[in-house]
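A.B. asks: One structure follows; several queries about it will come next.
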Amino acid sequence: MIQAGDFKKGDIVTVDGEPHVIETIFVQKPAARGTGTLYKVRFRSLATKRKIDRVFRGDDGLQEADFERHPIQVLYGDSESVTIMDLQDYSQVTLTKGDIEDEWLYLTEGLEGLMSLVSEGRVIGIELPLHVSMKIVETRPSVKGGSVTARTKPATLATGLVVQVPEYMAEGEVIRVDTRTGLFVSKA
């Protein structure tokens, strides 16, 4: 059992008998005496993709979901689906954009470090590596002296994801993006 104080974004727990992933956690410490810390948690069901919000006290807890992680590889995809291959048994599964909407914009062919989340023999989701390298396909021209200031500009990446990058970045450069936050990390 995981206590509410130990919840982390990305943990997979059982809520109402279904596996859910923790998307956000807001910690609220009331000022009144005798009241404990409250944890406002947003979950997303891995089966239905429905989001629910719950509030927990520090000593409340949830069971970890029963699932397995299998290493996978992206084989190919189009604008509506992607086919992945399990690297343990070489089985192939096609997932639609709706099945993996939060991970969709980070998927590229050849991406390493991907894991499938399998429950009862069925793929219920995928887990991305913490950082992915992606190429900038469109952005404003770089600004001379842009590395001196901390200003940013929007950049569109190969998958359509838009991130804020430093002004000195140009089209064609490869950057690292944090998959948890969608923010620029560094030049790759």
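Since every read-out is calculated from the coordinates, none of them should be taken as a lab result. Everything numeric in this text was worked out from a predicted model, so none of it was measured. So basically every Cβ, Gly included, is an ideal-geometry build from the backbone, and we count neighbours across all protein chains shown.
A.B. asks: Sort 16-22, 84-90 for me by packing, meaning the mean count of neighbouring Cβ atoms within 10 Å per residue, highest on top.
C.D. replies: Going from most to least packed, we get 16-22, 84-90.
A.B. asks: Taking only the alpha-carbon atoms of the range 56-135, what semi-axes of the equivalent ellipsoid follow from 5 times the gyration tensor eigenvalues under a square root, in whole Å, largest first?
C.D. replies: Working: eigenvalues 122, 51, 31 Å².
Each semi-axis is √(5λ); the values are 25, 16, 12 Å.
A.B. asks: Here's something else I'd like to know. Once you wrap a convex hull around the alpha carbon atoms of the range 2-62, what is its projected area averaged over all directions, in nm²? Write down the numbers at each step before the final one.
C.D. replies: Values: hull surface 15.6 nm².
Taking the Cα atoms of the range 2-62, their convex hull projects to 3.9 nm² on average.
A.B. asks: Could you size up the charge dipole of the range 132-187 around its Cα centre, putting +1 on the beta carbon of Lys and Arg and -1 on that of Asp and Glu, and report it in debye to the nearest 20?
C.D. replies: The dipole magnitude comes to about 120 debye.
A.B. asks: Using the charge dipole of the chain (Lys, Arg: +1 at Cβ; Asp, Glu: -1 at Cβ; taken about the Cα centre), state which of 79, 48, 133 has its Cα farthest towards the positive end.
C.D. replies: Among 79, 48, 133, the one farthest towards the positive end of the dipole of the chain is 133.
A.B. asks: What are the ³J(HN,Hα) couplings of the range 155-161, residue after residue, when phi is run through the Karplus curve with 6.51, -1.76, 1.60 and θ = phi - 60°? Round to Hz, x for glycine and proline.
C.D. replies: These are the phi-based 3J(HN,Hα) values: 9, 9, 9, 4, 8, x, 5 Hz.
A.B. asks: I need the per residue convex hull volume for the chain, using only the alpha carbons, in cubic angstrom as a whole number.
C.D. replies: Output value, Cα hull per residue: 138 Å³.
A.B. asks: When the Debye formula is applied to the Cα atoms of the range 132-187, each taken as the same point scatterer, what base-10 log of I(q)/I(0) results at q = 0.26 Å⁻¹?
C.D. replies: Debye output, listed in q order: -1.03.
A.B. asks: Next question, about the same structure. Dividing the Cα convex hull volume of the range 94-147 by residue count, how many Å³ per residue is that?
C.D. replies: Given the Cα convex hull of the range 94-147, per-residue volume reads 124 Å³.
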